[in-house]
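Worksheet for the structure shown next.
The values are calculated or read from the model by the stated rules, or taken from the named source; none is laboratory data. What you see is a predicted model; the values in this text were computed from it and never measured. Here Cβ is always computed from backbone atoms with ideal geometry, including for glycine, and neighbour counts include all displayed protein chains.
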Amino acid sequence: MRVSIEVNGQTHEREVEPRVLLVDFLRNDLALTGTNVGCDTSQCGACTVHIDGLAVKSCTVLAVQADGSNVTTIEGLASDGQLHPMQQSFWDMHGLQCGFCTPGMIMASVKLAESNPGLSDSEVRHGLEGNFCRCTGYQNIVKAVQAGAAAMGGRS
Amino acid sequence: MTKYMGTAVRRVEDPRFLQGRGKYVANLSLPGMVHVAVKRSPLAHARIKSIDTSQAEALDGVIAVFTGEDFMEGGCGTLPCGFTPPDIDLPLHHPVAIDKVRHVGDEVAVVVAETPYIAEDALDLIDVDYDPLPAVVDTRQAGGEWPVVHDGMDSNVSFHWPLGDEEATNQALADSDRVIELEVINQRLIPNAIEPRACVAQWDRFDETMTVWTTSQNPHTIRLLLGAFTLGIPEHKLRVVSPDVGGGFGSKIFHYPEEVIVPWVAREVDRPAKWVSSRSEAYVTDRHGRDHVTKAKLGVSDDGTITALHVTTWANMGAYLSTFAPLIPTALYVTLLSGLYKIPTIFGEAYGAITNTVPVDAYRGAGRPEASYLLETIIDVAARELEMDPVELRRKNLIQPDEFPYQTPVALEYDSGDYPRLFDKIDELSGYESLREEQEKARAEGRLVGVGFASCIEASGPAPSAAAVGLGAAIGLFESGSIRVHPTGKISAFTGSHAHGQGHETTFAQIVADQFGVPMEDVEIIHGDTDRIQYGVGTYGSRSAAIGGSALVRSAEKIRTKLKELAAHLLEASVDDMVYDQDEGAVYVTGSPDSKKTFAELAFAVTTADKMPEGMEPGLEETTFYDPANFTFPYSAHVAQVEIDRDTGEVEVQKYFAVDDVGNVINPMIVEGQIIGGIAQGVGQALWEHGIYDEEGQLLSGSMLSYAMPRADGFPSIAVDRVETPSPHNPLGVKGAGEMGTIAATVTISNAVLDALAPLGIRHLNMPLTAEKISNAMAAANGGGE
């Protein structure tokens, strides 16, 4: 099937098999390998991207379902060579170790923080239930998301 | 010039991870690449009667299908075991099964196709006819007849490893006021590094060279095993690269069948080949951890003095002996049974049992968490029976600061420590007394609040090579570090350690920059590529800073010595009068810093090489193979407060405090991250995680749906602090930091839960301490049964 998907501001038209997952389309067809795959049951959240303004696990979406959508991946978050405030705060707060969950964690966190600059510890922890990290014990991720949310000031 | 040691420098590797540019193996794509998928056994134990691959081969886009016979006839050897204690009975492990399958997930056939989707489709078209056999799942295999898993073995017991004086221990137990007996299970865990394993291989048929990219913690070891045992391509024709690796926790140390399959396929079809594990595959192939059944007896006097310890452990090794598997329940477990305490006599023994389950090998802590769990659990039982405070009982038995080096009855000689100070510090950080007061009040209100305490030791930084090989290791466990100073004074430092989350690109650059007094930005750390790094043993057992870091320090010292000789020559002074000022990054005559030669000037001087002292070679590069004198012995005391919901049995971790001594600290931010991350894994084992097999050998917790991974909302904010006693054994004074959190947290949480349940008369529960298990135990304690 033919799909047209805008990814990080650029429109891509491609022929895809109906069964191809959006995450495979991003990684294999568009070579956007920043979106990682950590499981096959939609638990880990490593593949989280933004679709039309929502944080979505891209392993749960078929590429054909994203036809006509606007997708942002981790590669599209920084602009003009400047890290997004959430990327910056993950760096500042040591919110990552191996880095594999990080793209999904940051994409989920941006959406969590967008409407709430004053996220509490508990709000962050519950908001990130669907994103697994095996390295950090989450503590610095929580700090990073709170700091990132404050820096975003309720904007995207 | 900034001194970097001890500074919380932000990580230099982070910008690529933050922007989705991590160089993970699964991101690699090579022109003409084929995709490999593995057909796996759905049965735990069965003879393979026949395999029909014809339908799979006929599928459009399938290039080839191979079975075990193809790999054997094609020159693949069996996967070796790298630690073989005396009298071990070694099972054979073919990369793809030949005659029998021995665990769910065992490799049966291999599909090579144009796309990963087609390869998956073809797996369903392979028809395997099995003759099922009874599965061996129980670790102790007690009662009744059990089939032998490997035809070549006499029984399923692969090895027995005793240590210590059993007669003296039994006598001391007989003479003790009390003997505390306890049987515990340290449950099976599944590592779950968030990056699934992956392998890519490229064969060059003209040079006859093979490049293998693999998610490994130790690429040189993989190259050695591929070259000498499994693939049969000579080591100098093999390049193994482990670029960014998304977490390991032990599970990426080992030589896996797919690391043989993928390069073999690449050569066979003469195209680059790629395999990426799915999470489902990871559950049934990544080597699992722990899985011990233990019977222990602790002798104590009525005043709380520990007199003796006797431990018998059955360790479930799974279907094959993985690369380091027999090491874990032996030399990394029995030797740690003395903990922080003066125990006059200890006897410990481990049996290694082969079963029809996924092989078990090192998982974060590897043997040491099992030892701490046992010792710290039985000490708590003793404290309850003696009606003593558990901290007071421990304090009474601590090794004192003036007793180092301390020789334990189980082989190890502890290097340094101040255990009473550790106890003072955790007291202060946690407010232990007030936690107990709060608990009293809570109990009076009928609430189930528990306070858990554990004090643990780790032998980190394996290991002096002579000791390691003497115990059964196949290779020495030293590490290499090479420093190349470029003509402009910029530095490339090559380490055999491998970072997969630990931040070596930052911490090792801190070490090297300080050695010369240059900015960190002038130092690049290179790791993970056998073509670039001279040799490497790799990263596990909390060994990188102590051994890999020390190798770099020694190389830097050699370079500084050369630069002092060169500067003496250029300044027409005696070398004995020269000082290398590591703050300034310059060499001068002692007391005359104004006429100095800077590091950059000297680096260029060895490049022009026109004014060299007689006999000195141009160039500036040194390599060290650093063999440690001993393990290092980090230790810790942790305190947790939990509350159990009386209705549901659910545990809430309310407070957590940790004090660790990891020696000198290179980067406190990174060390704290390692400790807290380790604690999370310990809490995971204590409360949630469990690799469960049914009687038929089916893994019931075989996905992230059924295996309870720790989530962000499972933890309180954790408070950490340190005591620092430098290790006397290495030039950095560092001890391992990677595993201490896990070692201590597992039993701290378990002790807290059991402390909460003690008023109900519940003596012991095995982990994981799930709501279901606790609520059943509470019901039983109330006389209601389940």
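Numbers below:
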| read-out | value |
| --- | --- |
| Flag if B:VAL240 is part of a helix (DSSP H, G or I), touching a helix residue (DSSP H, G or I) at 6+ places or on another chain (Cβ under 6 Å) and either β-branched (Val, Ile, Thr) or outside the structural domain of B:GLY536 (by TED's automatic domain parsing) (or both) | no |
| Residue within segment B:730-740 that is touching a strand residue (DSSP E or B) at 6+ places or on another chain (Cβ under 7 Å), closer than 19 Å to B:ASP660 by Cα and either among the aromatic types (Phe, Trp, Tyr) or assigned to a helix (DSSP H, G or I) (or both) present | yes |
| Answer from B:THR215, B:THR169, B:THR230 - the residue that is outside the structural domain of B:SER338 (by TED's automatic domain parsing), touching a strand residue (DSSP E or B) at 6+ places or on another chain (Cβ under 9 Å), closer than 22 Å to B:GLU281 by Cα and surrounded by 21 or more Cβ atoms within 10 Å (Cβ to Cβ) | B:THR215 |
| Count - residues of segment A:132-156 that are polar (S, T, N, Q) and facing chain B (nearest Cβ under 7 Å) | 3 |
| Residue tally, condition within 11 Å of another protein chain (Cβ to nearest Cβ) and either surrounded by fewer than 15 Cβ atoms within 10 Å (Cβ to Cβ) or in contact with a Pro (Cβ under 8 Å, 6 or more places away or on another chain) (or both), over segment A:114-131 | 3 |
| Close pairs from segment A:35-57: first free of Cβ contacts under 8 Å to residues at least 60 places away in the same chain and at the interface with chain B (Cβ under 7 Å from one of its Cβ atoms), partner surrounded by fewer than 23 Cβ atoms within 10 Å (Cβ to Cβ) and of a type in the set (Gly, Ala, Ser), Cβ under 6 Å, at least 6 apart | A:ASP40/B:SER278; A:ASP40/B:SER280; A:THR41/B:SER703 |
| Segment B:267-281 - residue that is assigned to a loop (DSSP other than H, G, I, E, B) and within 14 Å of another protein chain (Cβ to nearest Cβ) and, of those, surrounded by the most Cβ atoms within 10 Å (Cβ to Cβ) | B:SER277 |
| Considering residues of segment B:1-27 that are facing another protein chain (nearest Cβ under 9 Å) and assigned to a loop (DSSP other than H, G, I, E, B) only, the residue farthest from B:ARG197 (Cα to Cα) | B:ALA8 |
| Candidates B:THR305, B:THR294 - the one that is modelled with pLDDT of 95 or more, within 28 Å of the chain's Cα centre (by Cα) and in the same structural domain as B:SER338 (by TED's automatic domain parsing) | B:THR294 |
| Among (1) more than 10 Å from chain B (Cβ to nearest Cβ); (2) over 13 Å from the mean Cα position of the chain (by Cα) - the single one A:LEU83 does not satisfy | (1) |
| Of all residues in segment B:703-721 being buried (at least 20 other Cβ atoms within 10 Å of the Cβ) and touching a residue at least 40 places away in the same chain (Cβ under 8 Å), the one that is nearest to the other protein chains (Cβ to nearest Cβ) | B:MET704 |
| Single residue of segment A:58-72 satisfying the filter (away from chain B (no Cβ under 11 Å), in a loop (DSSP other than H, G, I, E, B) and touching a Leu at 6+ places or on another chain (Cβ under 7 Å)) that is surrounded by the fewest Cβ atoms within 10 Å (Cβ to Cβ) | A:VAL61 |
| Segments classed as strands (runs of 3 or more DSSP E), wholly inside segment B:541-605, with at least 3 members that are among the aliphatic types (A, V, I, L, M) | B:586-589 |
| Segment B:407-416: number of residues that are crowded, with 18+ Cβ neighbours inside 10 Å and in contact with a strand residue (DSSP E or B) (Cβ under 6 Å, 6 or more places away or on another chain) | 3 |
| Odd one out for B:ILE261, checked against (1) hydrophobic (A, V, I, L, M, F, W, C); (2) part of a loop (DSSP other than H, G, I, E, B); (3) closer than 30 Å to B:PHE17 by Cβ | (2) |
| Residue that is out of contact with any strand residue (DSSP E or B) (no Cβ under 9 Å at 6 or more places or on another chain), within 14 Å of chain A (Cβ to nearest Cβ), modelled with pLDDT of 95 or more and buried (at least 21 other Cβ atoms within 10 Å of the Cβ), where the choices are B:ILE675, B:ILE670, B:ILE679 | B:ILE670 |
| Segment A:13-34, residues that are outside any helix (DSSP H, G or I), of a type in the set (A, V, I, L, M) and more than 8 Å from chain B (Cβ to nearest Cβ) | A:VAL16, A:LEU21, A:LEU30 |
| Subset of segment B:320-366 (residues that are in contact with a Pro (Cβ under 6 Å, 6 or more places away or on another chain), small (Gly, Ala, Ser) and either within 29 Å of B:PHE453 (Cβ to Cβ) or part of a loop (DSSP other than H, G, I, E, B) (or both)) | B:SER322, B:ALA350 |
| Those helices (runs of 4 or more DSSP H) lying entirely in segment B:54-163 with at least 1 residues over 21 Å from B:HIS255 (Cα atoms) | B:54-58, B:116-123 |
| Subset of segment B:493-526 (residues that are hydrophobic (A, V, I, L, M, F, W, C) and out of contact with any strand residue (DSSP E or B) (no Cβ under 6 Å at 6 or more places or on another chain)) | B:ALA499, B:ILE511, B:PHE516, B:VAL518, B:MET520 |
| Hey, B:THR211 away from every other protein chain (no Cβ under 14 Å), of a type outside the set (Asp, Glu) and part of a helix (DSSP H, G or I) or not | no |
| B:VAL284 of a type in the set (A, V, I, L, M, F, W, C), surrounded by fewer than 24 Cβ atoms within 10 Å (Cβ to Cβ) and either touching a residue at least 60 places away in the same chain (Cβ under 8 Å) or part of a strand (DSSP E or B) (or both) | yes |
| Checklist (1) at pLDDT below 95; (2) in a helix (DSSP H, G or I) applied to B:GLU167, failing item | (1) |
